[in-house]
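Remarks on the structure that follows.
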Amino acid sequence: MNKNSSNTMALAPNTSNKRETVCIFGTGDFGRALGHKMIQSGYPVVYGSRSTQISNLIPKDAEVLGHTEAAQKASIIIIAIQRQHYNFLTPLAEVLHGKVLVDISNNLKLNQYPESNAEYLAQLLPGSKVVKGFNTVSAWALQSGTLDASRQVFVCGDDVEAKQMVMNIVRALSLTPVDKGSLLAAQEIENYPLQLFPMWKLPIFLSLGLTVFFFLYCLVLDVICTYIYEKNNFAFFIAIAIPNRVCPVVALILLALVYLPGIFAAIIQLYRGTKYRRFPDWLDKWMLCRKQLGLIALAFASLHVVFTLVTPLRAFVSWRTGKGIISQALNNKTEPLNYTNAWISDSYLALGILGYFLFVLLGITSLPSVSNNVNWREFRFVQSKLGYLSLILCTAHTLVYGGKWFLSPSAYKWYLPNIYILSLIVPCAVLVVKFVLIIPCIDKPLVKIRQGWERNPKYSE
């Protein structure tokens, strides 16, 4: 088949109202769920099984035959069995010759075999057209209809026509086929279901590490130190007060870490004088997980908002407020309003609200359903320009709130700085370096480099 005809086939919709019969080898959970979904979509389904006895678990409109008889009825056969049972297909090689075999199997661990299951199936039955697909969709999702999180079906195969036939079935099931190329991509596709948050590992471990560090740091300063020197038992701070300090600190640092790799990338490009050299592996990995870092930072910021809203309900706050009122009543003296503190209080609250609003906007635009509806310039404006503005506002919020502790000796318990002082190191460094990078004498060469100019062309490869 020539190239033009294959492209035409890929673009042409399946206008026929009549669905071709699909055979499914295997009557396990996934085979039954997939068969039921296909029947709902108008496909005649025949099961190939060792036992032709009708079971209540089999979809009522499906036919159950022996493997040979079932294979003869369909040109597309879905292999819903495990790899270790593929050997029974070898005696059926003649019947399966020229048929499209859809391998949907998965393994128990990454790279369990030297070759993918689909490639192994193609070796067993060289006369068949093997296509990999449906292995990233669960039986539960097919049965319950909750496919919102798993609509993509990765498909690969060496035969273009066979692959297109499978992709038509995927579309008919209201799923989204993603063509991954030849059968060589099968091992990568089979590894997908076994990967547990591959892009989230670094952000999750980093956020957990920061959370544990700052929680223990606050525990030492606010509970242990206070108990040793003042004999006050503030252990109940562990429930609300300390988390309400840790969450904004971690959120601010993670937000700064979203933009820090871009700073490093700009410095490296300025130093090298070219954009045609790869960044170090650590920087590449860091840049690839910026979205995840930002979303985790938003989660911590949201927790900070919730903790702050419930703070007035705390018994300690009610006791402290009541104590102040009683003290004024006993002394027959009303404390005048401190306008400086009022300005500081309203300022850091306003900065926090604006910063959180932009933070939420960044999180919303990072969602695929939203980012797919904006062009690259709009997306970059939100994620870069508004992102830096959010970082500035959140940093200013922390500065205004925690600034009073910078020069206060009482804030340095056991000579350790307050947690808010530590939280400002990374974001302030990012903002200062970014300010330097946008100075025209530095920004212009950087823009030229990113447009393809090279200081020393010998590095271009």
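The values are calculated or read from the model by the stated rules, or taken from the named source; none is laboratory data. Everything numeric in this text was worked out from a predicted model, so none of it was measured. Reconstructed Cβ throughout: ideal geometry from the backbone, glycine too, with neighbour counts over all protein chains shown. Please note that ligands, DNA and RNA were not included when accessible areas were found on the heavy atoms of the full protein model with its side chains. Shrake-Rupley method; radii C 1.70, N 1.55, O 1.52, S 1.80 Å.
Residue by residue, here is whether (1) surrounded by fewer than 16 Cβ atoms within 10 Å (Cβ to Cβ); (2) among the basic types (Lys, Arg) holds:
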site: Tyr192; (1), (2): yes, no
site: Lys201; (1), (2): yes, yes
site: Leu208; (1), (2): yes, no
site: Val212; (1), (2): yes, no
site: Cys218; (1), (2): no, no
site: Val249; (1), (2): no, no
site: Ala256; (1), (2): no, no
site: Pro261; (1), (2): no, no
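Listed by first and then second residue, the pairs with beta-carbon distance under 8 Å, at least 6 apart or on different chains, first residue in the stretch 198-216 and among the aliphatic types (A, V, I, L, M), second part of a loop (DSSP other than H, G, I, E, B), are Met199/Cys289; Leu202/Cys289; Ile204/Phe197.
Considering each residue of the stretch 199-233, count those that are part of a helix (DSSP H, G or I) and touching a Ser or Thr at 6+ places or on another chain (Cβ under 9 Å), and give that number. Even if it seems obvious, please write down each step before you answer.
Of the residues in the stretch 199-233, the ones part of a helix (DSSP H, G or I) are 201-230.
Those still in the list that are touching a Ser or Thr at 6+ places or on another chain (Cβ under 9 Å) too: 214.
Residues meeting the conditions: 1.
For every residue, the table says whether it meets (1) open to solvent by less than 70 Å² (accessible area, probe 1.4 Å); (2) outside the structural domain of Gly403 (by the TED database); (3) not charged (D, E, K, R).
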{"site": "Arg320", "(1), (2), (3)": "no, no, no"}
{"site": "Lys323", "(1), (2), (3)": "no, no, no"}
{"site": "Ile326", "(1), (2), (3)": "no, no, yes"}
{"site": "Lys333", "(1), (2), (3)": "no, no, no"}
{"site": "Asn338", "(1), (2), (3)": "no, no, yes"}
{"site": "Asn341", "(1), (2), (3)": "no, no, yes"}
{"site": "Tyr348", "(1), (2), (3)": "yes, no, yes"}
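Would you point out the residue of the stretch 344-364, among those that are farther than 20 Å from Ser384 by Cβ and hydrophobic (A, V, I, L, M, F, W, C), that is nearest to the chain's Cα centre (by Cα)? Per the stated criteria, the residue is Ile353. Annotation: Glu63 fulfils all but one of (1) surrounded by 15 or more Cβ atoms within 10 Å (Cβ to Cβ); (2) at pLDDT below 90; (3) closer than 25 Å to Arg151 by Cβ; the unmet one is (3). Scan the stretch 109-148 for residues that are at pLDDT below 85 and assigned to a helix (DSSP H, G or I) and jot them down. Those that are at pLDDT below 85 and assigned to a helix (DSSP H, G or I): Ala139, Trp140, Ala141, Leu142, Gln143, Ser144.
Looking at the structure I just gave you, is Gln164 surrounded by fewer than 19 Cβ atoms within 10 Å (Cβ to Cβ), in contact (Cβ under 8 Å) with a residue 60 or more places away in the chain and of a type outside the set (D, E, K, R)?
Details: surrounded by fewer than 19 Cβ atoms within 10 Å (Cβ to Cβ): no; in contact (Cβ under 8 Å) with a residue 60 or more places away in the chain: yes; of a type outside the set (D, E, K, R): yes.
Considered against the rule, which asks whether it is surrounded by fewer than 19 Cβ atoms within 10 Å (Cβ to Cβ), in contact (Cβ under 8 Å) with a residue 60 or more places away in the chain and of a type outside the set (D, E, K, R), Gln164 comes out as no.
Put simply, of Leu337, Leu393 the only residue that is among the hydrophobic types (A, V, I, L, M, F, W, C) and in a helix (DSSP H, G or I) is Leu393.
Would you check if Leu424 is at pLDDT 90 or above and over 26 Å from Ala350 (Cα atoms)?
On the way: at pLDDT 90 or above: yes; over 26 Å from Ala350 (Cα atoms): no.
Against the criterion (at pLDDT 90 or above and over 26 Å from Ala350 (Cα atoms)), Leu424 does not qualify.
Looking for whichever is of a type in the set (Phe, Trp, Tyr), open to solvent by 30 Å² or more (accessible area, probe 1.4 Å) and in a helix (DSSP H, G or I) here; the options are Phe236, Phe279. Which one fits? Going through Phe236, Phe279 in turn, the sole match is Phe236.
Against the condition touching a residue at least 12 places away in the same chain (Cβ under 8 Å) and either in contact with a Cys (Cβ under 9 Å, 6 or more places away or on another chain) or in a helix (DSSP H, G or I) (or both), how does Leu92 come out, does it pass? If you could, list the steps in order and put the result at the bottom.
Values: touching a residue at least 12 places away in the same chain (Cβ under 8 Å): yes; either in contact with a Cys (Cβ under 9 Å, 6 or more places away or on another chain) or in a helix (DSSP H, G or I) (or both): yes.
Taking the combined requirement at face value, the residue satisfies it.
Residue-by-condition table, conditions (1) part of a strand (DSSP E or B); (2) surrounded by 17 or more Cβ atoms within 10 Å (Cβ to Cβ); (3) modelled with pLDDT of 90 or more:
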{"residue": "Asn7", "(1), (2), (3)": "no, no, no"}
{"residue": "Ala10", "(1), (2), (3)": "no, no, no"}
{"residue": "Thr15", "(1), (2), (3)": "no, no, no"}
{"residue": "Lys18", "(1), (2), (3)": "no, no, no"}
{"residue": "Tyr43", "(1), (2), (3)": "no, yes, yes"}
{"residue": "Tyr47", "(1), (2), (3)": "yes, yes, yes"}
{"residue": "Asn56", "(1), (2), (3)": "no, no, no"}
